[in-house]
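Report on the following structure.
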Ligand code: PGA
Ligand code: ZN
């Protein structure tokens, strides 16, 4: 049983406060986890409880920490940490709101993850194995950001993530080696054209391009320069994060000074789909626009994963609504959008039942917490998105996955092309 639940604040990768929770069991086992935080959040996400006011730009987590130390601790002490489902249910009921805003999504997810860690520690198992329901573990295909834009780079580029997907590699280790070369090639290329200017929130190069297209071109160019064949060895993935660009019923490309109607935007995206080896594309239209998502999925869903992030917010009801309209074919699974591990897992299971893919994803505000690496392996999620190939809050996750691959030894299998088997 749980002996104590303690919350306190630590700092995330943007230098903002966030919630860490430490759980101790009566047998001395410890679990600890930290909540991440998004910047381009979907409106249906579990909301973080923030203090507001002037201190830390309003991002303080004093109230969320208090939720943990008072109500949440009061509820959880004495409960069985091995029963994640009943603990998560208790958390949801205790909060009592639809968006988890009373106690805070940040308080709830840190607690939920810390419970899992404590359970694993008590069982003497690595977390992924504790979460696994059997079956052969499979190392996920990473989606690694090369250029960062959107809300993660002060709107310097309209699109948010320009990513490399090394699905042709033969192991997770090799996948990271390939992308390390692409990342380096991209840096050299940025130097050569005089456009290197540091990195964005998730570690991708800060874009000083003149257009979105130039960034996609630069990504394809860097894949080639590193010695790989775009599309065959390494696919291109874009997170459009279109909700961020939506103004007055259309899409505003700030960088290019262009305002597009939804139809014009559809055609713009379609022309990129035709011109580049795009294997994955996330949030191509504003959240809630099921019709354009469905039209886009009908046209491109057989050749690319159409991923719902803001569209789905890791929520089973939204997944059902999107499935009904055939608005996408892949779930971006962010545990803190759901608020508890059980709800995130349910979202993944709903996606799997539909025959969709799932990508487990970090947030733009992260820490050294590596829980999601274990969720991917333990839950059998074959794709993994945690940002770029720099900044230690990103590298910590890639490195944890390498450790897991190493520990599996001869049993380690890399998902490689499997997540894309349904595509032509
Ligand atoms: P966020 O960005 O964590 O700022 O929401 C990640 C994403 O959009 O995938
Ligand atoms: Zn996204």
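Looking across the range 55-75, just one residue is farther than 14 Å from residue 106 by Cβ, surrounded by 17 or more Cβ atoms within 10 Å (Cβ to Cβ) and without any contact (Cβ under 8 Å) to a residue 60 or more places away in the chain, and that is 75.
Just one of the listed residues (308, 288) is crowded, with 24+ Cβ neighbours inside 10 Å, over 30 Å from residue 190 (Cα atoms) and within 16 Å of ligand 2 (Cβ to nearest atom), and it is 308.
One line per residue, one yes/no per condition, for (1) surrounded by fewer than 20 Cβ atoms within 10 Å (Cβ to Cβ); (2) in contact with a helix residue (DSSP H, G or I) (Cβ under 9 Å, 6 or more places away or on another chain); (3) modelled with pLDDT of 95 or more:
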site	(1), (2), (3)
7	no, yes, yes
11	yes, no, yes
18	no, yes, yes
21	no, yes, yes
30	yes, yes, yes
36	no, yes, yes
39	yes, yes, no
44	yes, yes, no
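Across the range 339-362, a minimum of one residue is classified as at pLDDT 95 or above, buried (at least 24 other Cβ atoms within 10 Å of the Cβ) and at positive phi. State whether one or more residues within the range 151-164 are away from ligand 1 (no atom under 15 Å from the Cβ) and either in a helix (DSSP H, G or I) or over 19 Å from residue 254 (Cβ atoms) (or both). Yes: one or more hits.
Which residue out of 15, 52 is part of a loop (DSSP other than H, G, I, E, B), within 16 Å of ligand 1 (Cβ to nearest atom) and free of Cβ contacts under 8 Å to residues at least 24 places away in the same chain? Break it down into steps so the answer makes sense when it comes.
Numbers: 52 fails: within 16 Å of ligand 1 (Cβ to nearest atom).
Criteria check complete, one pass: 15.
Might you check whether a residue that is within 20 Å of the chain's Cα centre (by Cα), within 16 Å of ligand 1 (Cβ to nearest atom) and surrounded by 19 or more Cβ atoms within 10 Å (Cβ to Cβ) occurs anywhere in the range 117-140? Checked against the condition, which is being within 20 Å of the chain's Cα centre (by Cα), within 16 Å of ligand 1 (Cβ to nearest atom) and surrounded by 19 or more Cβ atoms within 10 Å (Cβ to Cβ), the range 117-140 yields at least one hit.
Could you tell me how many of the residues in the range 407-424 are touching a residue at least 24 places away in the same chain (Cβ under 8 Å) and not in a loop (DSSP other than H, G, I, E, B)? First the steps, then the outcome.
Within the range 407-424, the subset touching a residue at least 24 places away in the same chain (Cβ under 8 Å) is 407-408, 411-420, 422-424.
Adding the requirement that they be not in a loop (DSSP other than H, G, I, E, B) leaves 407-408, 411, 414, 418-420.
Count: 7.
Mind telling me which of the residues 417, 413, 391 ends up being at pLDDT 95 or above, under 18 Å from residue 36 (Cβ atoms), touching a strand residue (DSSP E or B) at 6+ places or on another chain (Cβ under 9 Å) and surrounded by fewer than 18 Cβ atoms within 10 Å (Cβ to Cβ)?
Numbers: 417 fails: under 18 Å from residue 36 (Cβ atoms); 413 fails: under 18 Å from residue 36 (Cβ atoms).
Within the list 417, 413, 391, the selection yields 391.
Scanning the range 264-281 turns up at least one residue that is within 16 Å of ligand 1 (Cβ to nearest atom) and within 16 Å of the chain's Cα centre (by Cα).
The values are calculated or read from the model by the stated rules, or taken from the named source; none is laboratory data. Only a predicted model underlies this, so the values are computations on that prediction, with no experimental measurement involved. With ideal geometry, Cβ positions are generated from the backbone for all residues, glycine too; neighbour counts draw on all protein chains shown.
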